[in-house]
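A.B. asks: Would you mind keeping the following structure in view while I ask a few things?
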Amino acid sequence: FLQTLVVSAGALSVSSLLTGCALDDDNSAKPVSKYFPQSLMSGDPTPDSVVMWTRVVDAGNELKVILQVSKIQDDFTNVVLEQEFDVSPDTGNCLKVRVTALDAKTFYYYRFVYKKDGVAYTSRVGRTKTAPAINDDTAVKFAFVSCQDYLGRYYNTYLSILEQDDLDF
């Protein structure tokens, strides 16, 4: 069951969901570039791939965005992927990329870069993790939340999830 769940299309990396939208590595909130109003997200981890997503907004037609993926360090000194993509208003300026050829059960840091008038604007840094190898006999620890009550504001549950360093997904 867990193996199927890890590899299934609906699995989300809770660690990337929370770190991608919350805090950078120094644990202080930083202003997000105005060009990435929804920040970033990752999900659908498999042993060798993960989906990364963002939305970039700026007046104009086609925009170019660079995706950078770094292995282990979040300072991007060990970049394993740096690729430019076209973003179109036809897709709501959203970019969704499946990054492949990754190592199983490994953390990756990622960010998106939008260049305008010679200045590079970056999204927040996200962290994601690939699933264990299919034949890997290892324990996997999940956090699961359901039935969000937006009006009741019961978001404090997410804080306890953030405090658990040993979560895989």
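A.B. asks: I'd like to compare 119-127, 37-45, 136-144: which one has the highest average count of other Cβ atoms within 10 Å, and what's the full order after that?
C.D. replies: In decreasing order of mean packing, 119-127, 37-45, 136-144 become 37-45, 119-127, 136-144.
A.B. asks: Put +1 on the Cβ of every Lys and Arg and -1 on every Asp and Glu Cβ in the stretch 53-146; which of Gly126, Val79, Val99 then has its Cα farthest towards the positive end of the dipole?
C.D. replies: It is Gly126.
A.B. asks: Of the listed pairs Lys96/Lys116; Lys115/Lys141; Lys34/Lys141; Lys116/Lys141; Lys34/Lys71, which have alpha-carbon separations greater than 30 Å here?
C.D. replies: Lys115/Lys141; Lys34/Lys141; Lys116/Lys141
A.B. asks: Are there any GluC sites (Glu not before Pro) in the stretch 38-91 that are in a DSSP loop and have at most 11 other Cβ atoms within 10 Å? List them by number.
C.D. replies: Here the GluC sites (Glu not before Pro) that fit, given the DSSP loop and packing criteria, are Glu62.
Readers should treat all values here as calculations from the given coordinates under stated rules, not as data from a laboratory. Quick caveat, the model's predicted, so the values are computed rather than measured. Cβ sites come from the backbone with ideal geometry, for glycine too, and all protein chains shown count toward neighbours.
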